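Trainee: For reference, the structure I am asking about is given below.
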Amino acid sequence: MEKYKILKKYFGYDTFRSGQEELIDRILAGQDVLGIMPTGAGKSICYQVPALLMPGITIVISPLISLMKDQVRALNEAGIHAAYINSSLTESQIEKAMYLATQGRYKIIYVAPERLLSGLFMEFLNHVSISMVTVDEAHCISQWGQDFRPSYLNIVHMIAGMKIRPVVSAFTATATEEVKNDIQCVLGLQNPHVLVTGFDRENLYFEVRQGRQKDSELVRYVKEHKKESGIIYCATRKNVEEVHKLLVQEGIEATRYHAGLSGNERKQNQDQFIFDEKPVMVATNAFGMGIDKSNVRYVIHYNMPQSMENYYQEAGRAGRDGERSECILLYAPQDVRINQFLLEEKEFREELSREEMQAVMERDALRLKLMTFYGTTRDCLRGYILNYFGEKTKRRCENCSNCLNEYLEEDVTKICKDILQCIWEARREYGAGTIASTLHGSKSEKIRGYGLDKLSTYGCCENVTEFRLKEIIGELIARGVLRSTDDKYATLSLTTDAEAILKDKVKVVMKFSKPAEKKVTAQKKAKQTSQNLDSKGWRIFEKLRELRLQIAKEEKVPPYIVFTDKTLVDMCVKKPSDKKEMLNVSGVGDAKYEKYGERFLACLLENT
Ligand code: ADP
């Protein structure tokens, strides 16, 4: 079959991933398609393979210049002639690209949506044979989504202005019903084949770490994963600066990105990360859109984001190459307050009526609450995420910290009663820290100053740590027994549900992780599910990585464009010793073999 030959020859893969073949077949049969697949599922191949099999040119509309450059670079590396047309080129460069295209030089041309309606481009379209128009990041056409781009509406006019209507294929990772329907209607897809694959990213391990020592946890993790590429997301610019400084002081090669840096510096730092010169990127959520780096091995959220949508999108930047990667949230209750504050400060892009603004604020508050539950739940984290996005799941995934950790269940009804009693008898409203200190019997000035040492509950939980008391207070908030104000003081008060506990009508049982063994167990188990390389295999992997970096520098392309981590791992497993065996490695196609194959063979020979 032709499509398999293309897949092997250019991309070096033997089999299609779930959904890919189905979409390719429909496109080749002349049907419009809409592919909704999560990040890293391999959407590009769904249109690149048919583009090579169809007689004319495929026009790909993509919203970001960096994304286009990356895709074109990857295609050229694979031996496929492709070009892009966007504002980073001069008019004469654009004319030249179009001229070469009319000469049949390119099979695939990426175009920015702003360019579509220019007279020159429309004329060009009607002078060449266009087999397909592909709309990447198709959700940008929907006004429902957060990423609506008015220029995407140009696509509709462009297609209408073409003498022969080509096949239209659209791809996105956003799956909500509104967006899905919008794409079909607005783009005017004709009898499209719509394919939605599951949102699960099996190669991602999810973990929530609760605790006070974020800095030391972070430094330890990054040091343990020294050679690996990772992103650390922080809530504010200030956090980015602090965390970046901390890591650099610890001798870690980290760079940073946020909207407060100059355009030049942002670009430079981004390149350092993409080219693997600095493996660690500390950034606000301004970083990541359009970053296709496939070998990001971990994404750590130093602060909790504002919604699960944001979390899954950011965490999902790990492991695009399908290799095992980790997504860790460092949860602390004060992040909820930082986010509340950020939401209050949020500026609205367009004019909204009072009611609309109210509705948006309520939606934001709900999203934040559901994000907070992710930070505190003891249930399967993957299950929580997928349920959030409307998918049903099996009970446990066995690949998240909650499934792997062992928890102890404890009846904490007595402590809860003390907490509730304490809040009630304190009369004034205090925050969780003060209540915990009071119950624990703190001798601090503050507690005495407030007269809290006179309460009957003062010191009645002296055997329970303040940390544990705060954990239990957090649980009572999550269960709606306590209310916490939304301001920065986050003071506590009882809700009507408190009565049932105080009157012994309801028991409170909580799960606590076993502190010491916990991490060992989770990490041990996690390691077992990792790639099956032994220590010698990893040493060879390191050598191959060094070679890849060297080549990347020579060619001035990011290392993952040369070969992905997954391909290098496969080399270590298969240990090819000649051309035929090398072409058998996943991700090694003809063009890449011709360019780099022998150097990698030599490196393998030297080190095995
Ligand atoms: P998406 O656009 O859906 O986020 P990409 O198209 O960037 O995903 O693909 C993600 C990664 O998966 C890339 O490294 C790509 O080469 C790889 N990939 C895609 N299809 C296959 C396949 N059939 N077999 C192996 N790897 C694949």
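All of the numbers you see were taken from the coordinates with simple rules; none came from a lab. Model, not experiment: these values are computed from the prediction. Counting neighbours? That spans all protein chains shown, and the Cβs are built from the backbone with ideal geometry, glycine included.
Trainee: Using a simple spin-label model with points 7 Å from Cα along the Cα→Cβ vector, what separation in nm is obtained for Met361 and Lys346?
Mentor: For the pair Met361/Lys346, the computed spacing is 1.1 nm.
Trainee: Kindly flag which residue pairs out of Lys267/Lys556; Lys227/Lys278; Lys3/Lys43; Lys3/Lys575; Lys214/Lys245 have an alpha-carbon separation exceeding 18 Å in this structure. Please list the in-between numbers first.
Mentor: Details: Lys267/Lys556 15 Å; Lys227/Lys278 10 Å; Lys3/Lys43 15 Å; Lys3/Lys575 27 Å; Lys214/Lys245 14 Å.
Pairs exceeding 18 Å: Lys3/Lys575.
Trainee: Cα centroid distance between region 78-140 and region 293-329, in Å?
Mentor: Cα centroid to Cα centroid, the span is 33 Å.
Trainee: Residue by residue, what Karplus-based ³J(HN,Hα) values in Hz, rounded to whole numbers, does region 217-224 have, using 6.51, -1.76 and 1.60 with θ = phi - 60° and x for Gly and Pro?
Mentor: 4, 5, 4, 4, 4, 5, 5, 5
Trainee: Using each residue's phi in region 380-391, evaluate 6.51 cos²θ - 1.76 cosθ + 1.60 at θ = phi - 60° and report the 3J(HN,Hα) Karplus result to the nearest Hz, with x for Gly and Pro.
Mentor: The phi angles translate into 4, 5, 4, x, 4, 4, 5, 4, 4, 8, x, 9 Hz.
Trainee: Follow-up. Pull up the cross-link candidates among the lysines for Lys574, meaning alpha carbon to alpha carbon under 18 Å and not fewer than 8 places away within one chain.
Mentor: Excluding near neighbours in sequence, the set is Lys8, Lys536, Lys543, Lys566, Lys592.
Trainee: Would you list which aspartates and glutamates come within 16 Å of Lys293, measuring only between C-alpha atoms, while excluding same-chain residues fewer than 8 positions from it?
Mentor: Straight-line reach from Lys293, under 16 Å: Asp70, Glu77, Glu228, Asp271, Asp276, Glu277, Glu314, Asp321, Glu323, Glu326, Asp565.
Trainee: What is the calculated FRET efficiency for Trp424 to Phe389, with r their C-beta to C-beta distance and R₀ = 56 Å, to the nearest 0.05? It would help to have the intermediate numbers written out before the result.
Mentor: On the way: r = 40 Å, r/R0 = 0.71.
So, using R0 = 56 Å, E works out to roughly 0.90.
Trainee: Next up: Can you bin region 196-321 into rounded, prolate or oblate? Criterion: square roots of the alpha carbon gyration tensor eigenvalues sorted a ≥ b ≥ c, rounded for a/c under 1.5, prolate for a/b above b/c, oblate for the rest. List each step's numbers first, then the result.
Mentor: Working: a/c = 1.37, a/b = 1.18, b/c = 1.17.
Here region 196-321 falls in the rounded category.
Trainee: Next question. Hey, can you grab everything whose amide H is under 5 Å from the amide H of Ile300? Only 5+ residues off in sequence or another chain; H modelled, so Pro and N-termini drop out.
Mentor: Under 5 Å from the amide H of Ile300 lie the amide H atoms of Ile231, Ile232, Tyr233, Ile328, each far enough along the sequence or on another chain.
Trainee: Mind pulling the angle between the C-alpha long axis of helix 565-574 and the longest principal axis of the chain? Nearest 10 degrees, somewhere in 0 to 90.
Mentor: 80
Trainee: Could you pull out every residue, at least 5 positions away or on a different chain, whose amide H is within less than 5 Å of the one on Val60? Hs are placed 1.01 Å off N in the peptide plane, and Pro or chain starts have none.
Mentor: The answer is Ile109, Tyr110, Val111, Thr134.
Trainee: What is the extension gain from Arg539 to Glu398, computed as 0.36 nm multiplied by their sequence separation minus the C-alpha to C-alpha distance, in nm to one decimal?
Mentor: Full extension of this stretch gives 47.9 nm more.
Trainee: Which cross-chain or sequence-distant (5 or more) residues have an amide H under 5 Å from the amide H of Thr491, H modelled 1.01 Å from N in plane?
Mentor: Residues meeting the amide H criterion: Thr485.
Trainee: Using the Cα centre of the chain as the reference point, and only Cβ charges (+1 on K/R, -1 on D/E), how large is the resulting charge dipole? Debye, rounded to the nearest 20.
Mentor: Numbers: 88 positive and 84 negative charges, 257 e Å.
Around 1240 debye, computed over the chain.
Trainee: Hey, how many Å between the Cα centroid of region 241-268 and the Cα centroid of region 594-608?
Mentor: Cα centroid of region 241-268 versus Cα centroid of region 594-608: 35 Å apart.
Trainee: Another one. Which value in deg cm²/dmol, rounded to the nearest 500, describes the helix-derived mean residue ellipticity at 222 nm for the chain, given -39,500 (n - 2.57) per DSSP H run of n ≥ 4 and division by the residue count?
Mentor: Values: 27 runs with 276 residues, N = 608.
After summing the helix terms and dividing by residue count, I get -13500 deg cm²/dmol.
Trainee: Can you run phi through the Karplus equation (6.51, -1.76, 1.60; θ = phi - 60°) for region 244-253 and list ³J(HN,Hα) in whole Hz, with x for Gly and Pro?
Mentor: 4, 4, 4, 5, 4, 4, 7, x, 9, 7
Trainee: Here's something else I'd like to know. Got a sec? How would His81, His440, His139, His157 order by Cβ neighbour count within 10 Å, fewest to most?
Mentor: On the way: His81 15, His440 20, His139 27, His157 11.
Ranked by crowding around the Cβ, least crowded first: His157, His81, His440, His139.
Trainee: Rounded, prolate or oblate: which fits region 2-196 when a ≥ b ≥ c are the square roots of the eigenvalues of the alpha-carbon gyration tensor, with rounded for a/c under 1.5 and prolate only if a/b beats b/c?
Mentor: Numbers: a/c = 1.45, a/b = 1.07, b/c = 1.36.
Taking the square roots of the gyration eigenvalues as a ≥ b ≥ c, region 2-196 is rounded.
Trainee: How many Å³ per residue does the convex hull of the Cα positions in the chain occupy? Kindly include the intermediate steps, with their values, before the conclusion.
Mentor: Numbers: hull volume 106.8 nm³, N = 608.
Roughly 176 Å³ of hull volume per residue.
Trainee: Across region 413-507, how many lysine pairs, 8 or more positions apart or on different chains, have C-alpha atoms separated by under 25 Å? Please give the number.
Mentor: Number of lysine pairs found: 25.
Trainee: A further question on this structure: Per 0.36 nm of contour for each residue apart, how much would the distance between Lys267 and Lys227 grow if the chain were fully extended, relative to their Cα-Cα spacing?
Mentor: Stretched fully, the Lys267-Lys227 segment lengthens by 12.2 nm.
Trainee: A further question on this structure: For each of Phe389, Phe287, count neighbouring Cβ atoms within 10 Å of the residue's Cβ, then give the residues from fewest to most. Spell out each step's value before the answer.
Mentor: On the way: Phe389 15, Phe287 23.
Placing the least packed residue first, the sequence is Phe389, Phe287.
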